[in-house]
Amino acid sequence: MAKITFVTSDGERTTVEAESGTVMALAVENNIKGIDGDCGGVCSCATCHVFVEPEDIETTGRASDIEEDMLELDDNANEYSRLSCQLEIDDSLDGIVLQVAK
Amino acid sequence: MKKSEFPDPFEKARETTGLGEMDDQNDPVTMLLRHKDVRKTAHNWKTFQSGAAPGRIVIPSEVHIRDTRQIPFEVDPPMHKEYRNLVEPWFKRPLQTEYQEKLTIQINGLIDTVLDKDNLDAIGEFALVLQSRALTLLLNIPYEEAQTWISWGTHVFRSEDTALDGDKASILYDYIDAEIDKAIEYPGDDLYSVLLNSEVDGKKLTKEEVKGVMILTFAGGRDTVINAITNTLAYFAEHPKSLDRLREEPEIIGKATEEFIRYFSPLTQMGRVVTEDAQVCEYAAKADTRVSLCWASANRDTKVFENANEVVLDRKINPHVGFGFSHHNCLGATHARQIMKILILALTKKVGTIEIIDARENIEELGDFKRKVGFDMLKIKILAIKN
């Protein structure tokens, strides 16, 4: 079980729990503002952009090349950017904090 | 060849030069065929602009039949962002549960009326009807209005024999003018009224700007959605096991939707006008000429997609450009995705098999290439599931 905290662009913090699935799907299920997940998680829409806290980036890993190509579209993207559809939930993600980009 | 097979006519050119050439009303187009070039060029709005003369980035060009600028589609940053931010929340409404429930009722109802019907016209009696009714939700106007649009037939712009038809286009433009005037007189909670009441840069949208958004909404989502629906029906007809699989694994319907959009690529390409001499894929693009972003070719690029010519229903990584890419990605994509997802789910629940009775392909002539984009005619029988 992993507890994941989302912080939306208007500062609202929501902590939710899950055992599996993607972080994007978890966010959509919990109506986290700013994460639409339009394409359902196949890396074609970039509507699930989050910033990982610098101290958590080792845990989540950095964006893959395909993710980076999508993230380039967002002027605000940085080295801590991830598409949350590419973050698979497991126990290792317990406690991470994700800032929603949009 | 199977009727639901959509060959890739661009393969050889994509792998050798990466380019294609076509003429279009004496304003030739250099087609960019590789995924990487298409995405890079789509992102570079300064050199490859959308805000040229209205209609010029569309292929075939609509310069001679349209003066109204489509918004935000034919506007470049930074103004583009102002318009896009204005309309985007409205076009994200399909993510709401209530919207999806209404769409589900529409689609279930339509399928029920055509089940087991002999010689069903998949385009005129199904796809067009579905698309038109769904559009009433997107515009938030009465359901009955769909009948008007259905009566226009499948192509608002296109005739069977000529690529462009000014008379048909004016049916749409005159209709939109009249609807805007109605909304001025009787404001409501429809898209026309919302736009008329909106401001960009501190100024109320003009009638012409509202018309620009409305033309985009009508035209961008008509042939494309109709082709996506019709092609999907043809696919399931010839791949009954795929329908069975989605019945058993409804959780992959989202992925299947993306894969159908990639494979069918309902919009073949979109143009850009070159603003300064530039280089793309070793091609010297001259200022004031046109290039096109060939989504259909990029979506079959084997450098990005394994088994690119196959439909892989649960393709996990699918960075397709079927809804375009970058600033100008499809505004109606959220609506289109919901149509596809809800349609596929409804088919898995109600339909056993689909038979193709007769078909005539719709082939686009694109210079050196001939591309099948859909059907001019598709007669089918949709058989109800036997419990």
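Things to note:
- Using 0.36 nm per residue and subtracting the Cα-Cα separation, the extra length available between B:E310 and B:I385 on full extension is 24.3 nm.
- Helix-only CD estimate at 222 nm, as mean residue ellipticity for chain A, using -39500 (n - 2.57) per DSSP H run (n ≥ 4): -4000 deg cm²/dmol
- For the protein assembly as shown, the Cys residues with no second cysteine's beta carbon closer than 4.7 Å are A:C43, A:C48, A:C85, B:C281, B:C294, B:C330.
- Karplus 3J(HN,Hα) series, Hz, for segment B:141-150 with 6.51 cos²θ - 1.76 cosθ + 1.60 (x for Gly, Pro): 10, x, 3, 4, 4, 4, 4, 4, 6, 5
- Loop GluC sites (Glu not before Pro), segment A:16-61 (other Cβ atoms within 10 Å of the site Cβ: 16 or fewer; DSSP): A:E19
- Compared with the direct C-alpha span, the chain from B:Y143 to B:M1 gains 47.2 nm at full extension, assuming 0.36 nm per residue.
- Compactness index (Cα Rg / 2.2 N^0.38 Å), segment B:71-187: 1.26
- If you wrap the Cα atoms of chain B in a convex hull and average its projected area over all directions, you get 18.4 nm².
- The fraction of Cα-Cα pairs per 10 angstrom bin, counted from 0 for segment B:229-329, comes to 14, 38, 28, 13, 7, 1 percent, rounded to whole percents.
- Dividing the radius of gyration of the alpha carbons in the protein assembly as shown by their Kirkwood radius gives 0.95 for Rg/Rh.
- Other residues within the sphere of radius under 10 Å centred on the Cβ of B:H35, judged by their own Cβ, net out at +4 (K and R +1, D and E -1).
- Over segment B:268-387, the hull volume per residue, using the convex hull of the C-alpha atoms, is 160 Å³.
- Ignoring the sites themselves, chain B has its longest run without trypsin sites (Lys or Arg not before Pro) in a DSSP loop having at most 14 other Cβ atoms within 10 Å at B:118-285.
- Couplings 3J(HN,Hα) for segment A:19-28, derived from phi with the Karplus relation 6.51 cos²θ - 1.76 cosθ + 1.60 (θ = phi - 60°), are 9, 8, x, 9, 5, 4, 4, 4, 5, 5 Hz, where x marks Gly and Pro.
- Net charge over other residues, Cβ less than 13 angstrom from the Cβ of B:E88 (K, R count +1; D, E count -1): +2
- Built amide H within the under 5 Å cut-off of B:I357, gap 5+: B:K379, B:I380, B:K381
- Segment A:1-68: trypsin sites (Lys or Arg not before Pro) falling in loop per DSSP and having at most 14 other Cβ within 10 Å: A:K33, A:R62
- Residue order, fewest to most surrounding Cβ atoms within 10 angstrom, among B:D37, A:D75: A:D75, B:D37
- Rg(Cα)/(2.2 N^0.38 Å) for segment B:7-55, N = residue count: 1.29
- Surrounding net charge for B:Y143, when Lys and Arg each add one and Asp and Glu each subtract one, Cβ distance under 12 Å: 0
- Whole-Hz ³J(HN,Hα) from phi, Karplus 6.51 cos²θ - 1.76 cosθ + 1.60, for segment A:63-68, glycine and proline x: 4, 6, 4, 5, 4, 4
- Anisotropy class of segment A:2-100 from Cα gyration tensor, a/c 1.5 cut: rounded
- Summarising the amide proton neighbourhood of B:E21: residues at separation of 5 or more, or on other chains, whose placed amide H is nearer than 5 Å comprise B:M31, B:D368.
Throughout, read-outs are computed from the coordinates displayed, never taken from laboratory work. Predicted model, so just to flag it, every value in this text is computed and none were measured. All Cβ positions, glycine included, derive from the backbone under ideal geometry; neighbour counts span all protein chains shown.
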